[in-house]
1. With the requirement that a residue be within 19 Å of A47 (Cα to Cα), assigned to a strand (DSSP E or B) and in contact (Cβ under 8 Å) with a residue 60 or more places away in the chain, what does the stretch 88-121 give you?
2. Inspect all residues belonging to the stretch 15-25 and state whether any of them is at pLDDT 90 or above, part of a loop (DSSP other than H, G, I, E, B) and surrounded by 16 or more Cβ atoms within 10 Å (Cβ to Cβ).
3. Could you run through the stretch 48-65 and say how many residues are closer than 18 Å to D106 by Cβ, surrounded by fewer than 16 Cβ atoms within 10 Å (Cβ to Cβ) and at pLDDT 95 or above?
4. Residue pairs, Cβ under 9 Å, 6 or more apart or interchain, first in the stretch 23-49 and farther than 16 Å from G88 by Cα, second surrounded by fewer than 19 Cβ atoms within 10 Å (Cβ to Cβ) and among the hydroxyl-bearing types (S, T, Y). List them.
5. Which residues, taken from the stretch 66-84, are closer than 19 Å to D106 by Cβ and of a type outside the set (S, T, N, Q)?
6. Name the residues in the stretch 46-83 that are in a loop (DSSP other than H, G, I, E, B), of a type in the set (V, I, T) and more than 23 Å from L116 (Cβ to Cβ), would you?
Amino acid sequence: MTNQAQSTSSSACDTNAQVTSESELERLCKAVRAGNKAALFDALTQADIGIVIVEFDGYGDSGQIEDVTAYDARDVVLKLPSRSIEIGHVQLGSLNIVRETLTVRDAIEHLAYDVLERTHG
C-alpha cells in the first residue's frame, strides 16, 4: 500500500487500471469501497446525521453534484462536520491503494461519484 496524495476526482477503483487479474482488482475495489463507506458513516454517526441527500444534475456523460444536505433522525437540517476522514482508491495501473484525507463533504461527493461511475458508466 502507498500513502501518496491523489486527486479527489478518482473513484474507489479506477476503471482503466492495467492489472493481471480482474477478480483481484474487483476484490480490492470492493474492500476499498467498504472501508470508505465505513469511515464516512462513522463520521456521520458521530455528528448525529441520519440522512444525507446528494443532489446531482447531469445528462449524458456530463454532470455535477449541486448540493449535499444532512439531516438528523427528526428531519432537522444539520451542518456537515468540519472534520476530515481518510479514504482510499486503487491507483491507476496497479493494485496499490492510495490514501487521501478529505473533508466529510468531499468524501460524500467522492463516494457519490464512485457509485455513479459504477452504475451509469
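1. The one that is within 19 Å of A47 (Cα to Cα), assigned to a strand (DSSP E or B) and in contact (Cβ under 8 Å) with a residue 60 or more places away in the chain: L102.
2. Checked against the condition, which is being at pLDDT 90 or above, part of a loop (DSSP other than H, G, I, E, B) and surrounded by 16 or more Cβ atoms within 10 Å (Cβ to Cβ), the stretch 15-25 yields no hits at all.
3. 2
4. Correct list of pairs: I49/Y71.
5. E66, D67, V68, A70, L78, K79, L80, P81, R83
6. Hit for the stretch 46-83 is V76, nothing else.
The values are calculated or read from the model by the stated rules, or taken from the named source; none is laboratory data. This structure is a prediction, so every number in the text was calculated from the model and none was measured. As a convention, Cβ positions derive from the backbone with ideal geometry for all residues, glycine included, and neighbour counts pool all protein chains shown.
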